[in-house]
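All remarks here apply to the structure that follows.
The values are calculated or read from the model by the stated rules, or taken from the named source; none is laboratory data. Everything numeric in this text was worked out from a predicted model, so none of it was measured. All Cβ positions, even for glycine, are placed from backbone atoms using ideal geometry, and neighbour counts span all protein chains on display.
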Amino acid sequence: MVCRFSFRRDPLIKIARAVPGDRFALEERADGVSLLLVNGAVLTNSAGRPYDFTGRRKRMLALYARDYKGVIPPDSYLLLGDAAEGSLDSGRFGLAAREVIVGKAVR
C-alpha cells in the first residue's frame, strides 16, 4: 500500500498485514518482546522473521487491540514495513485509515 500522512511530505510504501475484520493480538515472550498474531498466526516478514514489538511500538498496538477488542475495524489497516524490528509503520502511528491510502504498489 502507498499511503500519505499529514506529517510526511513523501508517501510511504508499507505492507497491509491486517485488513478490516482480521483478528490481531500481541503475544508476549519470556524476554519481554511481543509477537504479533493475525488471525491466530504469528506474523513474519518476507525473510520469515517474526515482527518484534517492544516499548512504544508494543504499547501502541496493545492500545488498538484493547480498544477494538482485537479486531481491525472497518476502513482501517495494520501497515508494516519489512524490517522485523520496526520502521515508520503501524507500530509507530497506529492503524491507518482507508483515506490515507493513495494507491497500491505493484511489481
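A count restricted to segment 40-49 and to residues that are loosely packed, with under 12 Cβ neighbours inside 10 Å, over 13 Å from residue 85 (Cβ atoms) and at pLDDT 95 or above stands at 4. For segment 26-39, which positions are within 26 Å of residue 99 (Cβ to Cβ) and exposed (fewer than 15 other Cβ atoms within 10 Å of the Cβ)? Within segment 26-39, just 39 meets the criteria.
Of the residues making up segment 54-74, those that are part of a loop (DSSP other than H, G, I, E, B) and at pLDDT 95 or above are 68, 69, 70, 72, 73, 74. Please count how many residues of segment 29-53 are closer than 18 Å to residue 70 by Cβ and not in a strand (DSSP E or B). Number satisfying all stated conditions: 4.
Every residue, every condition in (1) surrounded by 17 or more Cβ atoms within 10 Å (Cβ to Cβ); (2) under 13 Å from residue 20 (Cβ atoms); (3) without any contact (Cβ under 8 Å) to a residue 60 or more places away in the chain; (4) among the hydroxyl-bearing types (Ser, Thr, Tyr), yes or no:
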| site | (1), (2), (3), (4) |
| --- | --- |
| 51 | yes, no, yes, yes |
| 56 | no, no, yes, no |
| 59 | no, no, yes, no |
| 62 | no, no, yes, no |
| 67 | no, no, yes, no |
| 75 | no, yes, yes, no |
| 81 | yes, no, no, no |
| 102 | no, no, no, no |
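Scanning segment 83-97 for residues that are part of a loop (DSSP other than H, G, I, E, B), hydrophobic (A, V, I, L, M, F, W, C) and either surrounded by 16 or more Cβ atoms within 10 Å (Cβ to Cβ) or in contact with a helix residue (DSSP H, G or I) (Cβ under 8 Å, 6 or more places away or on another chain) (or both) gives 84, 95. Just to be sure, is residue 9 charged (D, E, K, R), surrounded by 11 or more Cβ atoms within 10 Å (Cβ to Cβ) and modelled with pLDDT under 95? Taking the combined requirement at face value, the residue does not satisfy it. Annotation note: Cβ proximity below 9 Å between a residue of segment 12-26 that is at positive phi and modelled with pLDDT of 95 or more and a residue that is part of a strand (DSSP E or B) and surrounded by fewer than 18 Cβ atoms within 10 Å (Cβ to Cβ) (sequence gap 6+ or interchain) occurs for 21/71. Inside segment 98-107, residues that are within 12 Å of residue 15 (Cα to Cα) and either part of a loop (DSSP other than H, G, I, E, B) or charged (D, E, K, R) (or both) make up a count of 3.
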